[in-house]
1. Find the Cα radius of gyration of the stretch 80-239, compare it with 2.2 N^0.38 Å by division, and give the number to two decimals.
2. Taking only the C-alpha atoms, wrap a convex hull around the chain and report its volume per residue in Å³ as a whole number.
3. Rounded to the nearest 20 Debye, what is the dipole magnitude of the stretch 112-258 about its Cα centre when Lys and Arg each give +1 and Asp and Glu each give -1 at the C-beta?
4. Let's test the formula: R0 of 30 Å, r as the Cβ-Cβ distance of A49 and Q98. What FRET efficiency results, to the nearest 0.05?
5. Taking just the C-alpha trace of the stretch 90-134, give me its Rg and Dmax in Å.
6. Label K159 and R339 with points 7 Å out from Cα along Cα→Cβ: what is the distance between them in nm?
7. Could you calculate the contour length gain from Q64 to R245, that is, 0.36 nm times the residue separation minus the distance between their Cα atoms, to one decimal place in nm?
8. Strictly over 31 Å apart at the Cα level, which of K167/K235; K111/K243; K159/K243 would you flag in this model?
Amino acid sequence: MAAKMTKTAAKDDVLDYLARLFKTVSRESRVVGGSQLRGGGNKCIDMVATMQRWRDSGKPLDVQHYNAALNIMRMSVWVHDVRTMFQWMEADRVRPDQESYSYALKTLAKKGTLPEMASLWKDMRRSGVRPEQECFLAMMKGIDRRATSDGANPHETRKRLLKVFKKLVDSGLEPFDTHYSHLIRYSADEHTALELFTYCFENDIRLDRAIGLGLIKFYGNWCQREEADFRQCYKSLRAAFSKARLTIGVTESEEILRIFLRQELYEEAERVWLDLENEGVQMTLTSATHLFKAAGSRIAVALASHDDLPPEQKLELIRPIVDVATARFGALHAAHDTRWYSPFWREYINVFVAAGDLQGARRMAAAYIREGVVPDGHANIVLRNLGLDHCTTPLPQLSRSYRQFHKD
């Protein structure tokens, strides 16, 4: 009895460690555009080393522990040791379950590592584990991710997605809205996309952000492929949302702004945002970054179009754009910790650069440094162009060096 209690306590120690680590990674990991901005990867390396020491010391690990570790890797987008977990489970005679494969496939999907996903899928089927909807969804997300990163042929991507979707349906499982979202995004044409979108809400398939986002991304891809004007597509998009009684939220608004910027429709991006804001959509650091980028481009266009005006009139021409950007920066900076998202600062500094106000740009760059914003490569270029030549310092030391440099 005493031995059994000791074994249970040891297991509880392991789970307690993994639970604490999961909370830390959940709190600290920031993923923007698929790029990890904080140190979840280092924590995963430490976790794997700790688990190896436990195994070497004979501490028993079961599928619950391995699943917790795989979930932490999913949160951290850490693909490097996914296979290690399954090798250890095999060595320890621990049988992976559906949850194990689901976490692993979701992790690999975030990097679009399709060969590894296909291999893991075969292992799952050989082991007799029946895949659930989440596993099929992970496969579709992996295909989507690979297509986005590699610029894969839309036709080939569509064929791959349909193949996975057919397997899902043939398995007797009911597709989620997110499964349909990927099919909508890679539809062959506008008619097919709208038809599938209509099918979803007419057949009581749960409609939420995923379905709407799929339609928005379809229009973005389609406009780019066909060189179509997104302004007209946006009207069709709003009509489809209205018919399905869907509202545009934060994530959808960010994607809509991104498409307008891609088409260099800067004035339209601002007008559409004001409409969305009146509808109750909350501004985020990402949407503000898009709008700062649009503001900088609007200023550059305005100044180029009125090159013959005297400086005072040029200033009056662009002042409203700068004032709106400044108000947005101030509101979000007061409400959020903006240090982790360098693009928010970078594009705001670029507003001043576009306006020719290098003194204002340097003042904001000094604030960027003073507040210890986590730097990125693009921001370093902006700072270097403003005269901060010391930003050739290796990245980990940048914030510290800037603060030291500006003590005076």
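1. 1.15
2. Looking at the chain, the number lands at 188 Å³ per residue.
3. About 280 debye.
4. My answer for the efficiency is 0.60.
5. When restricted to Cα atoms, the stretch 90-134 yields Rg and Dmax of 10.5, 29 Å.
6. Simple spin-label model gives 5.1 nm for this pair.
7. 61.0 nm
8. K167/K235; K111/K243
The values are calculated or read from the model by the stated rules, or taken from the named source; none is laboratory data. Because the structure is predicted, anything quoted here is derived from the model rather than measured. Here Cβ is always computed from backbone atoms with ideal geometry, including for glycine, and neighbour counts include all displayed protein chains. When the accessible area is computed, the model is the full protein with side chains, heavy atoms only, and any ligands, DNA or RNA have been set aside. Shrake-Rupley method; radii C 1.70, N 1.55, O 1.52, S 1.80 Å.
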